[in-house]
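Input: a single structure, listed below in structure tokens.
The values are calculated or read from the model by the stated rules, or taken from the named source; none is laboratory data. Values in this document were obtained by computation on a predicted structure and should not be read as measured data. Note: ideal-geometry Cβ built from the backbone for every residue, glycine included; neighbour counts use all protein chains shown. Please note that ligands, DNA and RNA were not included when accessible areas were found on the heavy atoms of the full protein model with its side chains. Shrake-Rupley method; radii C 1.70, N 1.55, O 1.52, S 1.80 Å.
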Amino acid sequence: MARASIKLLVLLGALLATAVLSLHVGGRADVGISQFFSLLSNSGERTLQELVMLDIRMPRTVVAILTGINLAIAGVILQAITRNALASPSILGINQGAALGMTLAVLLPSVFVVGVEAMAIIGALLAGTLTFGFSGGFRGSIRPLPLVLSGVAVGAFSFAMVRFTFTLDDEVARDVILWTTGDISGVRWHDTTALSLWAFGGILAAMLIAHKLNLLAMGEAAAQGVGADPRKTLLIGAVIAAGLTGVSVATAGPMAFVGLVVPHLCRIVVGADHRRLLPAAAVGGAVLLLFADGLSKLVVAPEEVPVGVIAALIGAPYFVYQALFSKELDL
Amino acid sequence: MGNRRFLSSLAAAGFALLSLGGIAQARDVQHELGTTNVPDEPKRIVVLEFSFIDSLAAVGVAPVGLTDDNKPERITEQYRAIIGNDFVSVGTRKSPSLEMIASLQPDLIIADKTRHSSAYKSLSAIAPTIVLDSLTGDYHSALEQAQVIGDAIGKSEEMKARVAAHTARFESVKANVANAKKEGRTFQFGVVSSRGLYLHAPHSYNGSLLMALGLPLSLSAEGAGVSYESAYVKTSLEQLSEINPGVLLLGRYSENTVTDQWKDEPLYKAVTAVKEEQVYYVSGHNWARLRGIVASELTFDELEAALAKVAEKTGK
Amino acid sequence: MSSVVSRGTRAPSLRLAIIFTTLVIAVAMSSLWGLSVGAFPLSFQVVINSLLDLDGPQQTYMVMVSRLPRLVLALLCGAALAISGVIIQGIVRNPLASPKIIGINSGAAFAVCLLLALLPQVALVHMPLIAALGGALAAFLVLVGAQFRGVSPLRLALVGVAVGMLFDSGVDFYLVANHSPEQAAPMVWLTGSLWARSWEHVDAVWALLCVLIIVGYGLTHQLDLIGLGDDMATSLGQRVALTRLLLLGIATLLASISVGVVGVLGFVGLMAPHMAAQLVGGRARVQLPCAALLGMLLVILADAVGRAIAPPIEVSAGVLTALFGAPFFVLLMLKNRGDLQQ
């Protein structure tokens, strides 16, 4: 019990530290974490610096937290219901599909009238469903090899289309790159509503089915043995994961590796029990994206890099490491 | 480095003219990728960047083929008034159709270093090709390139006269700038789209143009002590408030831009240019895509109009 | 025994003859069509006159200088990618594998970005070489990495995907840190297009590709043995690890040279081998040449359609191969459910 509370403290400490980092750095040098505290104490007229903290830094940090939570929870659920540690938005081609949807909306706004955000969700869902289908997901268990290869194929298709825009207008290419690399530098409070509703509901629902996820992860036979209907859990899980991913992609753009790396790391730390894994992954996802957000404002300061690119640069080496050394993936 | 090369090519071309005593003969033109033997007074010229159209138009020469990105409106009326409409589009600037170019049977092709270096050999197989640095070049190099083009098409003298006239205009604008009431304002040009605001840094074409005119650039290295690596800086609202331009010249690339989305935010309203109503929308196309003598004179017009308004508002 | 074998193979050999003849004719016809379409359409008569230097109207530049080298490159690279795909699918033992999974495409793009970032003044004529080297290097890293843990198909695919994603994130970083995609104009080279390819590029790669294709064909028997599984292959006297490395080396070179010279033509290395397996079965000795012909056909058609669709704009061949691939893929999923599971 003591060890568990130490782990909890470490996680919360990391969350606090990265949140401070994310709030403290930014375009204006005269705005820092002190404005956050003066906002709390000052009830009168707000200074410009305090307004920067309130209107720009805080919503951006909140979006980073919520996106991290949503993607990590979605990753945990996907991995449980597919009984596959590789199931995640980047491997399933979901991110690339979202990028393709966005690219089409930028390229042909008169054809895809629903807007870039909606096209991101449509692209993500379509790509995920296709990968799922190709790898045999609709007929039961998904084996890792077909899953990886289908994800690559679906991703490669989207990739060809996205890169094609490079041969077109400079301005189109510039917009496409920004949409598809996970840029949250323009978010405001109104962008946080849907994200927070889904994050709240997602955690709650996932915790409610956490026990069933445990059973499902053990295998369908075991689940049926104790009287749980695996198909129901599978359906509920898939809906939650799709919604969490969709709302994140629509607000923040595709973020690679959060849904892959965070659940894996958290499983090492807190074990495979979903009642502990889910909250741990939620915190872990938030920490990863907060850290990436802080870095994204620092690496080429005074300019900024989209947070999704930084998250990918952090996540990809870990994935390489995982691919080389993990026994878990060698199913 | 680029400057020296262009100067030496100028010198070489001048020397060639002197020694030949004006006898009609092919000449060597030095450019970014080497030396090309160009026929005397080429008649059928294909150009693959907007600034090259500008240079031809500056001395009243019409190209037979040009790149308009398949959007005819990108060749503005100011150019059409000089070069007419009897040219053929050879496609986009990024990947022009080599077959269209060949079918025009040109005797000179002018290509851009960044975009077309990889196709230099294929282009040279069609016609003598010279390669200049339009895309990443600044205002000064644009003028030098105009003279190289003038020399290459056998219109050295005309181009010299045109550049001189342009320089006179430039100096008068510069004098206006010096006399205008600016009250210590910094100036900044940028383009806005629905996705972002891009400020043009000191070493970009527009940045260098404003600096040459003696306008203090908000992004200039002196001041905050930061330097901008990119020519175009994607700027968030927070960065904009830190840069805090005194006058903001914006070119629109789309209907609903980020600056429209920001207009009710306190931080945007606190930017000096916004607070004191010194935001002017200019033609993004003329400023940011077009370059060269004719284009920069269009820029001067809009700039002088903006300066007049700056003075008027400051005078109150 | 021999009578059984001969009876068993006679009918298929007629079938094989018909399939191969049809494919050769299709490649020839589409080549001729490819030579005739573009921003400046030509009649077949003019094309043939120019090719054979006959009397009558000719368009020597269009046919001999602009389109023929592109056609030759399409033939070579189409075959190279398809063969690379056959080998990789054989080794991974899964019809969903393709040259992309060993990181070649991402490595090539990353190498070009690195070149642009570090040496912006460098002559871009070396770009194909840099791209090919980058692709080969990435694949080499993947192979060594996977070898290091004892190659299993899953391990190879995973390491390949991971390394590919690592390089892709590097490319994205370059693109966004610049904020100016126009400075990445040379990247257009890698979008899978035959724009501005000339005899110079053909000269640079044809001999190498031909040698690799022949060597690859020579190793088809070994490939079939590996397909039986490591244990079976070893018991039949094969040094599995060595042969696999050799085959992967050939597949790597074929694919990375193609990427260097024509950019990323997605799906050719995936579709062609699979279609070939459907037509002539999975024996490498017949599947490989059949896939090569199909690969040629795909790339020729993609290039020609891309030129014909909206001149003077050229639609990248890479986009068209992906578009051809999409319905094929859905069909594959609906029709052949069992195959993918293996």
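For the stretch B:181-211, give me the residue count where each residue is of a type in the set (Asp, Glu) and within 21 Å of B:GLU255 (Cα to Cα).
Initial filter on the stretch B:181-211 (of a type in the set (Asp, Glu)): B:183.
Now restrict to residues that are within 21 Å of B:GLU255 (Cα to Cα): none.
Counting residues in the stretch B:181-211 that are of a type in the set (Asp, Glu) and within 21 Å of B:GLU255 (Cα to Cα) gives 0.
For residues that are facing another protein chain (nearest Cβ under 8 Å) and either charged (D, E, K, R) or part of a helix (DSSP H, G or I) (or both), tally how many sit in the stretch B:93-109. Outline the logic, then answer.
We begin by selecting, within the stretch B:93-109, every residue facing another protein chain (nearest Cβ under 8 Å); these are B:94-100, B:102-103.
Narrowing the set further to residues that are either charged (D, E, K, R) or part of a helix (DSSP H, G or I) (or both) leaves B:94, B:98-100, B:102-103.
Within the stretch B:93-109, residues that are facing another protein chain (nearest Cβ under 8 Å) and either charged (D, E, K, R) or part of a helix (DSSP H, G or I) (or both) number 6.
Tell me which of these A:ILE33 doesn't satisfy, since it passes every other one: (1) buried (at least 17 other Cβ atoms within 10 Å of the Cβ); (2) touching a His at 6+ places or on another chain (Cβ under 7 Å).
(1)
Quick one: is A:ALA124 buried (at least 24 other Cβ atoms within 10 Å of the Cβ) and more than 11 Å from chain C (Cβ to nearest Cβ)?
Here the answer is yes, as A:ALA124 does meet what is asked.
Which one of the conditions (1) modelled with pLDDT under 90; (2) buried (at least 22 other Cβ atoms within 10 Å of the Cβ) does B:GLU229 fail to meet, given that it meets all the rest?
Unmet for B:GLU229, out of (1) modelled with pLDDT under 90; (2) buried (at least 22 other Cβ atoms within 10 Å of the Cβ): (2).
Of the residues A:LEU100, A:LEU92, A:LEU23, A:LEU15, which single one is modelled with pLDDT under 90 and within 26 Å of the chain's Cα centre (by Cα)? Steps first, please.
Numbers: A:LEU100 fails: modelled with pLDDT under 90; A:LEU23 fails: modelled with pLDDT under 90; A:LEU15 fails: modelled with pLDDT under 90.
After applying the criteria, what remains is A:LEU92.
When only residues in the stretch A:163-189 that are of a type in the set (Val, Ile, Thr) and open to solvent by 20 Å² or more (accessible area, probe 1.4 Å) count, which is nearest to C:VAL188 (Cα to Cα)? Steps first, please.
Taking the stretch A:163-189 as the starting set, the residues that turn out to be of a type in the set (Val, Ile, Thr) are A:165, A:167, A:172, A:176-177, A:180-181, A:184, A:187.
Those still in the list that are open to solvent by 20 Å² or more (accessible area, probe 1.4 Å) too: A:172, A:180.
Numbers: A:VAL172: 14, A:THR180: 18 Å.
Applying the filter and picking the extreme gives A:VAL172.
Where residues in the stretch B:35-92 are of a type in the set (A, V, I, L, M) and part of a loop (DSSP other than H, G, I, E, B), which of them is most open to solvent (accessible area, probe 1.4 Å)? Outline the logic, then answer.
Going residue by residue through the stretch B:35-92, those that are of a type in the set (A, V, I, L, M) are B:38, B:45-48, B:53, B:56-59, B:61-62, B:64, B:66, B:75, B:81-83, B:88, B:90.
This time we only want the ones that are part of a loop (DSSP other than H, G, I, E, B), so: B:48, B:59, B:61-62, B:64, B:75, B:90.
Values: B:LEU48: 0, B:VAL59: 23, B:VAL61: 24, B:ALA62: 45, B:VAL64: 27, B:ILE75: 4, B:VAL90: 0 Å².
Checking each candidate, the answer is B:ALA62.
For the stretch B:229-247, what are the residues that are hydroxyl-bearing (Ser, Thr, Tyr) and facing another protein chain (nearest Cβ under 7 Å)?
The initial filter retains those residues of the stretch B:229-247 that are hydroxyl-bearing (Ser, Thr, Tyr), namely B:230, B:232, B:235-236, B:241.
Once the filter is applied, which keeps residues that are hydroxyl-bearing (Ser, Thr, Tyr) and facing another protein chain (nearest Cβ under 7 Å), the stretch B:229-247 yields B:SER230, B:TYR232, B:SER236, B:SER241.
Looking only at residues in the stretch B:233-250 that are among the β-branched types (Val, Ile, Thr) and either within 19 Å of B:ASN286 (Cβ to Cβ) or not in a strand (DSSP E or B) (or both), which one is most open to solvent (accessible area, probe 1.4 Å)? Step through it out loud before you land on a result.
So the first thing to find is which residues in the stretch B:233-250 are among the β-branched types (Val, Ile, Thr), and the list is B:233, B:235, B:243, B:247.
From what's left, either within 19 Å of B:ASN286 (Cβ to Cβ) or not in a strand (DSSP E or B) (or both): B:243, B:247.
Values: B:ILE243: 27, B:VAL247: 0 Å².
The residue in question is B:ILE243.
Just for the stretch B:251-295: of the residues that are small (Gly, Ala, Ser) and assigned to a helix (DSSP H, G or I), which one is nearest to B:ALA311 (Cα to Cα)? Before the answer, list the steps.
Here is the first cut: in the stretch B:251-295, the ones small (Gly, Ala, Ser) are B:251, B:254, B:270, B:273, B:283-284, B:288, B:292, B:295.
Checking which are assigned to a helix (DSSP H, G or I) leaves us with B:270, B:273, B:284, B:288, B:295.
On the way: B:ALA270: 21, B:ALA273: 13, B:GLY284: 23, B:ALA288: 25, B:ALA295: 24 Å.
Here the answer is B:ALA273.
Quick grid of which residues meet (1) closer than 25 Å to C:ARG244 by Cβ; (2) in contact with an Asp or Glu (Cβ under 7 Å, 6 or more places away or on another chain); (3) without any contact (Cβ under 8 Å) to a residue 40 or more places away in the chain:
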| residue | (1), (2), (3) |
| --- | --- |
| C:PRO57 | no, no, yes |
| C:SER66 | no, yes, yes |
| C:PRO69 | no, no, no |
| C:ILE91 | yes, no, no |
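Do we find a residue being surrounded by fewer than 24 Cβ atoms within 10 Å (Cβ to Cβ) and part of a helix (DSSP H, G or I) anywhere in the stretch A:90-104? Break it down stepwise before answering.
Of all residues in the stretch A:90-104, those surrounded by fewer than 24 Cβ atoms within 10 Å (Cβ to Cβ) come to A:104.
From what's left, part of a helix (DSSP H, G or I): A:104.
Yes - at least one qualifying residue is present in the stretch A:90-104.
Filter the stretch B:64-88 down to the residues that are under 18 Å from the mean Cα position of the chain (by Cα) and either among the basic types (Lys, Arg) or not assigned by TED's automatic domain parsing to the domain that holds B:PHE50 (or both) and list them by number.
B:ARG74, B:ARG80
(1) touching a residue at least 40 places away in the same chain (Cβ under 8 Å); (2) within 30 Å of B:VAL310 (Cα to Cα): which one isn't true of B:ILE110, the others all being true?
It fails just one condition, (2).
Any idea how many residues of the stretch B:186-203 are open to solvent by 10 Å² or more (accessible area, probe 1.4 Å) and either among the charged types (D, E, K, R) or without any contact (Cβ under 8 Å) to a residue 40 or more places away in the chain (or both)?
Residues that pass the stated criteria total 2.
Check the stretch B:110-127 and report whether any residue there is among the charged types (D, E, K, R) and part of a loop (DSSP other than H, G, I, E, B). If you could, list the steps in order and put the result at the bottom.
First pass over the stretch B:110-127, keeping only residues among the charged types (D, E, K, R): B:112-113, B:115, B:121.
Add one more test, that the residue is part of a loop (DSSP other than H, G, I, E, B), and what stays is none.
No.
Among the residues of the stretch A:162-180, are any part of a helix (DSSP H, G or I), in contact with a Pro (Cβ under 8 Å, 6 or more places away or on another chain) and more than 7 Å from chain C (Cβ to nearest Cβ)? Even if it seems obvious, please write down each step before you answer.
Within the stretch A:162-180, the first condition is being part of a helix (DSSP H, G or I), and the residues that meet it are A:162-167, A:170-180.
Still in the list and also in contact with a Pro (Cβ under 8 Å, 6 or more places away or on another chain): A:166, A:170, A:173-174, A:177-178, A:180.
Among the residues that remain, those that are also more than 7 Å from chain C (Cβ to nearest Cβ) are: A:178, A:180.
Taking every residue of the stretch A:162-180 in turn, at least one turns out to be part of a helix (DSSP H, G or I), in contact with a Pro (Cβ under 8 Å, 6 or more places away or on another chain) and more than 7 Å from chain C (Cβ to nearest Cβ).
What is the number of the single condition among (1) in contact (Cβ under 8 Å) with a residue 40 or more places away in the chain; (2) more than 14 Å from every other protein chain (Cβ to nearest Cβ) that A:ILE268 does not meet?
Status for A:ILE268: all satisfied but (1).
When only residues in the stretch B:251-272 that are in contact with a Gly (Cβ under 6 Å, 6 or more places away or on another chain) and closer than 22 Å to B:LYS313 by Cβ count, which is most open to solvent (accessible area, probe 1.4 Å)?
B:ARG252
Filtering the stretch C:165-196 down to residues that are in contact with a Lys or Arg (Cβ under 7 Å, 6 or more places away or on another chain) and either open to solvent by less than 10 Å² (accessible area, probe 1.4 Å) or at pLDDT below 80 (or both), which residue is farthest from the other protein chains (Cβ to nearest Cβ)?
As a first pass, look at the stretch C:165-196 and keep what is in contact with a Lys or Arg (Cβ under 7 Å, 6 or more places away or on another chain): C:179, C:181, C:185, C:188, C:191, C:194.
Then keep just the ones that are either open to solvent by less than 10 Å² (accessible area, probe 1.4 Å) or at pLDDT below 80 (or both); that gives C:179, C:181, C:185, C:188, C:194.
Working: C:HIS179: 5, C:PRO181: 4, C:ALA185: 5, C:VAL188: 5, C:LEU194: 11 Å.
Among residues in the stretch C:165-196 that are in contact with a Lys or Arg (Cβ under 7 Å, 6 or more places away or on another chain) and either open to solvent by less than 10 Å² (accessible area, probe 1.4 Å) or at pLDDT below 80 (or both), the one farthest from the other protein chains (Cβ to nearest Cβ) is C:LEU194.
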